[in-house]
Amino acid sequence: MGNRAVLVLSGPGGPGGPAGHTRHRSSYGAVGLDLDLLAGPEAVLPFLRGHVREDDWYPDDMVEAGVLADEGRRLLLLFAWEGPIASLRTRAATLELLRCAWPGWEVRWLHDGQTGLRAHLGLDPGERDTDVYPGPALDLDDEELDDPDPLVAVVTIGQDRCHVLADIGDHPVEEGPALLDRLRDAPEHGSHRLRADAGIHVDPERRRVGWWLNTARAHAGALAGRWPGWTVEFWEDRWAEHERACGGRFAPPAPDRPAALADVRDQALERWAGPRGDVRARLVAALPHATIGQGFGHAVSAEQAAAARAAVRRAYAAAVGT
């Protein structure tokens, strides 16, 4: 299956300058990309450049993470579907560590995913997919709700309804007003006091909608068009806006900043714990008659891994003030 990532590098002249930009891909690099980036520009930029060049784009619904490093503007754009940067518990800490790891750079999240990368480069963002595949409504005793970081989207409606959906499909905002009909007989949770990855509050009386997410959706800025005649506000990743709008029926535990910073640091150190072998070379040697794709991460030396770990520790020290 893979977990695809798109990697874009702009030279000192910026995407429109003489250096232009190069596009690279990884068929298995989306999971852990946020932890890779915590090694800072000196380690990460050569690491990204080492991936195979690619002129085409993945389909938007198949790319799970992406990054654009613009050296001219000292701008880092990124998105991911999973990892500590996509979890409400550790998201703020991961972004804080990233900004410490890339001093002097602007670090910005792309809520519209790969379409945002193309827009930044002045390219056509592409056509919107009009098909919607919503996640099912969960029962109150669904085992997913036993997880401290459940993969769920929370839907609050008016002043008295709360539903919890599996966050395995499109964002519920993409359903438009049909969402209300679909959930008319869905299990009523009353409230949701756990974490979530996404959410939406619908006020039918005032015909207002507010929605947020920790990950990314292609063409996120255009999704208001799914609600004609309604006022739609995109809260980006500001889940506290949802909490306020619904009167506290969605009220996740507040992130523990010190614990989250330490957790993300430890995950990044584990990610860069030692050298990484050349996976493709190993497969070619083992399967000489097979066709092996090019989308594997390249080798990382022990020295490169050590430099990356040092950068992670510096970022953590800067974040905690030691």
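A short reminder: the numbers here are calculations on the coordinates, not readings from a lab. On a predicted model such as this, the values are computed, not experimentally measured, just so you know. Don't worry about glycine lacking a Cβ; one is built from the backbone with ideal geometry, like all the others, and counts go over all protein chains shown.
Which whole-number percent gives the relative contact order of the range 1-98, counting Cα pairs below 8 Å spaced six or more residues apart?
Relative CO of the range 1-98 lands at 33 percent.
Checking the a/c ratio against 1.5 first, then a/b against b/c, what shape does the Cα gyration tensor give for the chain? Mind dumping the intermediate values first?
Numbers: a/c = 1.80, a/b = 1.58, b/c = 1.14.
Note, shape of the chain comes out prolate.
Multiply the residue gap between LEU123 and ARG193 by 0.36 nm, knock off their C-alpha separation, and tell me the result in nm, one decimal place. Write down the numbers at each step before the final one.
Values: separation 70, 0.36 × 70 = 25.20 nm, distance 4.15 nm.
Between LEU123 and ARG193, full extension yields an extra 21.0 nm.
Which of rounded, prolate, oblate describes the range 205-260, given a ≥ b ≥ c as roots of the alpha-carbon gyration tensor eigenvalues and a/c under 1.5 marking rounded, otherwise prolate only if a/b is larger than b/c?
It is oblate, given that a/c is not under 1.5 and a/b is not larger than b/c.
Would you work out if the range 70-158 is rounded, prolate or oblate? Take a ≥ b ≥ c from the square roots of the eigenvalues of the alpha-carbon gyration tensor; rounded if a/c is under 1.5, else prolate when a/b is larger than b/c, oblate otherwise.
oblate
With contacts defined as alpha carbon pairs under 8 Å and 6 or more residues apart, what's the relative contact order of the chain in percent? Walk me through the intermediate numbers first.
Numbers: 648 pairs, mean separation 62.9, N = 322.
Taking the mean separation of contacting Cα pairs over the length of the chain, I get 20 percent.
When ranked by the protection proxy of mean other Cβ atoms within 10 Å per residue, highest first, what sequence do the peptides 57-64, 308-315 form?
Values: 57-64: 17.2, 308-315: 20.0.
Descending mean neighbour count gives 308-315, 57-64.
Just to confirm my numbers, what's the Cα centroid distance between the range 298-322 and the range 81-149 in Å?
Between the Cα centres of the range 298-322 and the range 81-149 lies a distance of 24 Å.
Over the range 1-116, consider all pairs of different Cα atoms and compute the Kirkwood hydrodynamic radius from their mean reciprocal separation; express it in Å, one decimal.
Roughly 14.1 Å, rounded to one decimal.
Quote the Stokes-Einstein diffusion coefficient, in whole µm² s⁻¹, for the range 44-99, based on the Kirkwood radius over alpha carbon pairs, a temperature of 10 °C and a viscosity of 1.306 mPa s.
It comes out at roughly 121 µm²/s.
Placing +1 on the Cβ of each Lys and Arg and -1 on the Cβ of each Asp and Glu in the chain, which of ALA92, ALA153, VAL63 has its Cα farthest towards the positive end of the resulting dipole?
It is ALA92, whose Cα lies furthest towards the positive end.
At what distance in nm do the modelled label points of ASP131 and ASP181 sit from each other, each positioned 7 Å from its Cα along Cα→Cβ?
The answer from the label model is 2.1 nm.
To check you understand DSSP bridge types, tell me what percent of the beta bridges within the range 139-210 (both residues inside) are antiparallel, rounded to 5. List each step's numbers first, then the result.
Details: 9 of 14 bridges.
Antiparallel bridges make up about 65 percent of those DSSP assigns within the range 139-210.
Looking at the chain, what % of its DSSP beta bridges pair antiparallel, to the nearest 5?
Bridges in the chain are about 55 percent antiparallel.
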